[in-house]
Every structure is written in structure tokens, then in C-alpha cells.
Amino acid sequence: MSKESKPQSQPAMMWTTRLRNGWQKNLPIEKLLPDKQPAYVASWIYMFGVATLAALAVIIVSGVVLAFEGPSWYHASKIGHFINSIHFWSVQLFFVFMVIHLWGKFWMAAWRGKRTLTWITGVVAFLASIGTAFTGYLVQTNFDSQWISYEAKDGFNSVGIGAWFNVTNLGQMLLLHVAFLPLVLGVITVLHVLMVRAKGVVPPIDAFKNELGEK
């Protein structure tokens, strides 16, 4: 066969093209921004996921304000006390909503219909939020944070991780609280929401069994 008659090989598809095609296949705009939801989504148990996201948004906004103003502001200023209280109580609501959301989805068997990874990302987000909240307690720069840090120091030293996770190091805990852990939590949360959009919210156990491939 002459060189001219050899079939031309197809050029390799760029990674951006593969990413775009995969996104359009698994998460089209109709799923990403739906204009209708199934009737069962009106049940009260489905509201706690959105409530968790709303509380997280308040945490982020108030946390950014606290980070810019600093401890001397939110310890001495009345408006600083107010913003600090908003940040604190939004964290409490965040955990209340998230725990109810997690337990509700556990008893609903939310991993059905090939949603296992969606469930796992929710659990990982909960674990990451615990670490974020813990480091937040340690950077309050008051008596509470001092007492918590020195009590926690003994616990971490007893399991052999106190050498690199020094809870009495304010700089390290501050960077973990305002930079690293929120980034981890934010990425996992976005991934979790995208998975929910791609697979849809899990229906009640007795609904749409044929759709989920159950018998």
C-alpha cells in the first residue's frame, strides 16, 4: 500500500474537548439549573440540605468580615461582637441542619440509584466541617480558645500527631481555619451539589422503584 493510500489517523481529542463532552453528557443545563422538581421534594426532610447551604453562605460572608477586621475589632467593637455572634450561631445552625440532613438521608437510603458517591461526599463534607469548626474554636484568642487548645494538645500528643498538628500554634490553626479547611469543605460541597444535580434528589423508598432499577 502506498503512503498516499494509507488512512489518516484521527487527531487525538483535546482534554478540554473530552471534559466539555463529558460535562454536557452527565450534567446538561437542564439538570444543572432545573425549572421543575418532583412533587416529593416538597416534603420537609428535603429542606435541610438547602438550609445547610444557606447557613454555610452566612458563615463564609461573616468569616470574611472577621478575617479582614481581626481579633481586636471583634473583641472590642459592638458591631464586631455582632458579626462574631452571627458567625458563631450560623455555625451552630449549620451543624444542626447538616446532622438532620445526614440522618434523614441515611434512613431514606440516599445511596440508592447509583448515588453512593453522592452520599460519601456528604459524609466527607461533615468530617471536614468538624475540623474547620474545631480550628475556629482555637483561633478565638480568648480564654476559651486557650483552654481548649491546651486540653486538645495532650490528646493529640497521646496519639502521636502533636508534633505536626500543633493546636497551640495560633498561626498554624488560623491558616487551617481560614484557608485550607474551608477550601477543602468548599470543593467537596460543590462536588456534592453537582452530583445531586446529575443524579437528582433521591425519591422516597416506596416511590419510583422501577426508575431506580429496584425490585
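What the table below lists for this structure:
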quantity: Set 36/114; 25/114; 105/153 screened for pairs whose C-alpha atoms are more than 25 Å apart; calculated: 105/153
quantity: Estimated [θ] at 222 nm from DSSP helical runs (n ≥ 4, -39500 (n - 2.57)) normalised by residues in the chain, nearest 500; calculated: -21500 deg cm²/dmol
quantity: Where a label projected 7 Å from the Cα of residue 51 along Cα→Cβ would reach, residues of region 71-98 with amide N under 19 Å; calculated: 86-98
quantity: Between helix 78-107 and the chain: long-axis angle, C-alpha atoms, 0 to 90°, nearest 10; calculated: 50
quantity: Rough spin-label spacing in nm, given labels placed 7 Å along Cα→Cβ, for residue 163 and residue 36; calculated: 6.2
quantity: Shape category assigned to region 6-77 from the gyration tensor of Cα positions, a/c cut at 1.5; calculated: oblate
quantity: Mean shadow area of the chain over all directions, Cα convex hull, nm²; calculated: 21.1
quantity: Packing rank of 29-41, 160-172, where each peptide gets the mean count of other beta carbons within 10 Å, highest leading; calculated: 160-172, 29-41
quantity: Calculated FRET value between residue 21 and residue 85, using beta carbons and R₀ = 45 Å, to 0.05; calculated: 0.40
quantity: Mean Cβ count within 10 Å, highest first, over the residues of peptides 98-111, 141-154; calculated: 98-111, 141-154
quantity: Zone of residue 206's modelled label, taken as backbone nitrogen in region 16-41 under 15 Å from a point 7 Å along Cα→Cβ; calculated: 40
quantity: Degrees separating the helix 116-138 axis from the principal Cα axis of the chain, which is the longest one; calculated: 20
quantity: The chain: angle of helix 15-26 to the longest principal axis, Cα-based, in degrees nearest 10; calculated: 90
quantity: Along each principal axis, Cα extent of region 108-204, largest first, Å; calculated: 47, 25, 22
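Any read-out appearing in this document is the output of simple, stated calculations on the displayed coordinates, not a laboratory observation. Keep in mind it's a predicted model, so treat the numbers as computed, not measured. Quick reminder, even Gly has a Cβ in these numbers, built from the backbone with ideal geometry, and neighbours come from all protein chains shown.
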